[in-house]
Amino acid sequence: MVKKVLIADDSYFMKRMLKNIINETEGFEVISTASDGREAVEKYINLKPDIVTMDITMPYMSGIEALKEITKINPQANVIMVSAMGQYILMVEAAKAGAKAFITKPFSKKEIIKTLMSFKNKDKK
């Protein structure tokens, strides 16, 4: 069964890079992208992805605020927070809000694949 992934990041470059890595990884498919937290929440509701990669710093609604909204909708949501190095305090806040995994920028393809694979055999929500 293919896991559906939503990418939320305000950087076109990051979205493209993540999308390429995820779509090249067997068993995963990017179904949509969002450019801010508000759009991520709307797309989560409408598309019901299995996994969300969520940038912490985005306009309109931060990744942490979006994470909180998504976990209100589905407390078991699989949200992977993507943050820049040096955002430790925000990562702790994200963990408390329900983030299931973390990826730190700059990241490697291997790190993305390893994180995705940790969700591979989890049951669909």
Study note, to complete from the structure: Expressed in nanometres to one decimal, the distance between label points 7 Å along Cα→Cβ at residue 114 and residue 31 is 2.8
Point to revise | Derived scalar couplings ³J(HN,Hα) [segment 57-72; Karplus, 6.51 cos²θ - 1.76 cosθ + 1.60; whole Hz; x for Gly, Pro] | key: 9, 9, x, 6, 9, 5, x, 5, 4, 5, 4, 4, 5, 5, 6, 5
Point to revise | Karplus (6.51, -1.76, 1.60) ³J(HN,Hα), θ = phi - 60°, over segment 11-22, in Hz, Gly and Pro reported as x | key: 9, 4, 4, 5, 4, 5, 5, 4, 4, 4, 5, 5
Practice item. In whole Å, largest first, what are the principal axis extents of the Cα atoms in segment 1-99? Key: 33, 28, 21
Practice item. For segment 1-52, just the Cα set please: Rg and Dmax, both in angstrom. Key: 10.4, 29
Review point. Taking K and R as +1 and D and E as -1, what net charge do the other residues with C-beta under 11 Å from the C-beta of residue 98 add up to?
Key: +2
Point to revise | Cβ-based exposure ranking for 30, 92, in which fewest neighbours within 10 Å come first | key: 92, 30
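Rule-based calculations on the coordinates, nothing more; no lab input. Bear in mind the structure is a predicted one, so any value in this text is a computation, not a measurement. All Cβ positions, even for glycine, are placed from backbone atoms using ideal geometry, and neighbour counts span all protein chains on display.
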